[in-house]
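Chemist: Below you will find the structure I want to go over with you.
Each value in this text was obtained by applying a stated rule to the coordinates, not by laboratory testing. Keep in mind the model is a prediction, meaning the values are calculated, not measured. Counting neighbours? That spans all protein chains shown, and the Cβs are built from the backbone with ideal geometry, glycine included.
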C-alpha cells in the first residue's frame, strides 16, 4: 500500500507545477457538482407520472413536504389565474435559475480542466525542446524524458478530471429538468383544479 502511494506521488510530481492547480480545480468541480446533486436530490416533489395531483391541490396536507410548501405558497391569497401563474414563475425563478447559474459555473470549471492539462503539455514540450537544443549526452535524454512525461501526465490528468465532470453535469441537468416538469405539471393541475378566472 505504501509503495502504491509513493508511486502515485512520484507520478504526480513528474507532472510539474500545473498539477497543483489541476488538483484544486478537481476539488472545486466535484464539491460544487456533488453539492448541486445533493440539493436536487433533496428537492424531490415526489410527483409520479400517474399521480393524481387534484387531491393534493385541494388538500395540501396530503402532499409531501416540498410539494405542500409550493401548493400552499401558490394558493395563498390568490384570486386569479394570472396570480397563480406569477407565483409558479417566482418559484421557478427561485429554484431553477439558481441551478442554472451554478451549472454555468460548473460547465466553465469542467471545460477548463483539459485546457489546464494542455497548459502542462505546452510547458512539458518547451522543456523537451530546451533539452534537445542543449546538446547530447545522457543528461539530455533524461531531460527530454522528463519533459515528455510532464506533457503527457498533465494532459491525462486534465482529461481524467473533465470526463466524470461531464457525466455529473448530465445527471444534474436531468434532475433539473425533472423538477421543472414536476413544477409545470403542478401548475397546470392547479389551474384546472382551482378553476380560477
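Chemist: Each label point is 7 Å from the Cα along the Cα-to-Cβ direction; what then is the distance between the points at residue 48 and residue 178, in nm?
Modeler: Rounded to a tenth, the inter-label distance reads 1.5 nm.
Chemist: If you line up the long axis of helix 138-194 against the longest principal axis of the chain, both from Cα atoms, how many degrees apart are they, to the nearest 10?
Modeler: Long axis of 138-194 versus the principal axis of the chain: about 0 degrees.
Chemist: For the range 74-197, what's the relative contact order in percent, using C-alpha pairs closer than 8 Å and at least 6 residues apart?
Modeler: So the answer I get is 36 percent.
Chemist: Turning to a different aspect of this structure: How far is helix 81-133 tilted, in degrees, relative to the longest principal axis of the Cα atoms in the chain, given as a value from 0 to 90 rounded to the nearest 10?
Modeler: The helix 81-133 is inclined about 0 degrees to the chain.
Chemist: Using the count of nearby Cβ atoms within 10 Å as a rough guide to exposure, how do 76, 69 rank from fewest to most?
Modeler: 76, 69
Chemist: Order by neighbour count: 72, 87, fewest other Cβ atoms within 10 Å first, most last.
Modeler: Fewest-to-most ranking of 72, 87: 72, 87.
Chemist: (1) 9, 38, 39, 13, 1; (2) 8, 25, 20, 15, 12, 10, 6, 3, 1; (3) 8, 30, 27, 18, 11, 5, 2, 0: which one is P(r) over Cα pairs in 10 Å bins from 0, in percent as calculated from this entry?
Modeler: Recomputing P(r) over Cα pairs in 10 Å bins from 0, in percent here picks out (2).
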